Amino acid sequence: MTAYEGMPKKPITTKPSARRPGAKRARAISVLVVDDHRTFAEAVATAVGLERGFRTRTAISGAEAIELAERHRPDVVMMDVSMPGVGGLEAIRRVREAHPGTRVIVLSGYDDDLTKGLAVEAGAIGYVSKETPVGDLPRLIRQAHAGQMLFEPGEMTRLLRVLRHRRHQEATERQRANRLTPRQIEILQLMADGVPVPQIADRLTLSPHTLRTHVQNILTRLAVHKKEEALVVAIRHGKISSGA
């Protein structure tokens, strides 16, 4: 990200601003920045920490984010969604379930409505592109800390509509998978195990023509066009395992 190039890698915490005698010091907003690219996470944390009134930490995985959120109870978490292991969406759910007062902003390179909608469903209060100017981040964090949604009302309506459509698709796909016969599931499992088609026919004592008919019926039943797509649907809904 060009916006963060040249920043020192070590996150910093700035000193509190000078105040009048007797004035109450405002508590700094604690921020946890989570991204599996350490340099990016540290650059964002440093950029935010350069502003007065912030304390920052970093994590490089969803699992570490959950651990640090439990240990330090940050006010705001900025979370990437695409990370190995415990993904960002799962980490958001677990942080929010354990600490409802923690606000989560998704900081991601993805900009599709489905990912945004899933983030909202998981408990995110906002979604910020990694292309966002670094100078805007403190303002957005303050808004999130104050409980302000970082989505426009019209955008929220659109995202909820996308989620409803996704749920309808999932339900329809599940119903189709539930209509697979035991023989069709057996064939799919052998395919997932990498058994060649001629050997599948031999194992099941089927003629090549009959096996082709079974496969075509599977594709029709699942409303897909390729065997690979049928395998994905069957695995997703627990009809078969992912293979040996």
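Below, the figures for the structure above:
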item: By average C-beta atoms within 10 angstrom, highest first, the peptides 30-39, 131-140; result: 30-39, 131-140
item: Packing-based ranking, highest mean first, of 70-77, 103-110 given that Cβ atoms within 10 Å are counted; result: 103-110, 70-77
item: Angstrom value of the Kirkwood radius, inverse mean 1/r, which spans all Cα pairs in the range 170-236; result: 12.0 Å
item: Charge dipole of the chain about the Cα centre (unit charges at C-beta), most positive-ward option of S242, A119, S30; result: S30
item: Inter-label distance, nm, simple model (7 Å from Cα along the C-beta direction), T220/E97; result: 4.2 nm
item: Surface/4 of the Cα convex hull for the chain, nm²; result: 17.2 nm²
item: Most to least packed among 166-174, 231-239, 59-67 [average Cβ atoms within 10 Å]; result: 59-67, 231-239, 166-174
item: Net charge of neighbours whose Cβ lies under 10 Å from the Cβ of V224, counting Lys and Arg as +1 and Asp and Glu as -1; result: +1
item: Amide proton proximity set for A59, modelled H, under 5 Å, gap of 5+; result: V33, V34, D35
item: Amide H within-cut-off set for S30, under 5 Å, with H built and near neighbours excluded; result: R55, D75, V76
item: For V106, residues with placed amide H under 5 Å, excluding near neighbours; result: M79, I125, G126, Y127, V128
item: Net charge contributed by nearby residues that have their C-beta within less than 9 Å of I29 (K/R +1, D/E -1); result: +2
item: Where only alpha carbons of the range 107-185 are counted, the Rg and the Dmax (Å); result: 17.7, 60
item: The range 40-190: relative contact order as a whole-number percent, Cα under 8 Å and 6+ apart; result: 18 percent
item: Contact order relative to length of the range 170-236, as percent, for alpha carbon pairs under 8 angstrom and 6 or more apart; result: 41 percent
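Here, each number is a calculation from the coordinates, and none is a lab measurement. Predicted model only: the values in this text are computed from it and were never measured. Backbone-built Cβ (ideal geometry, glycine too); neighbour counts: all protein chains shown.
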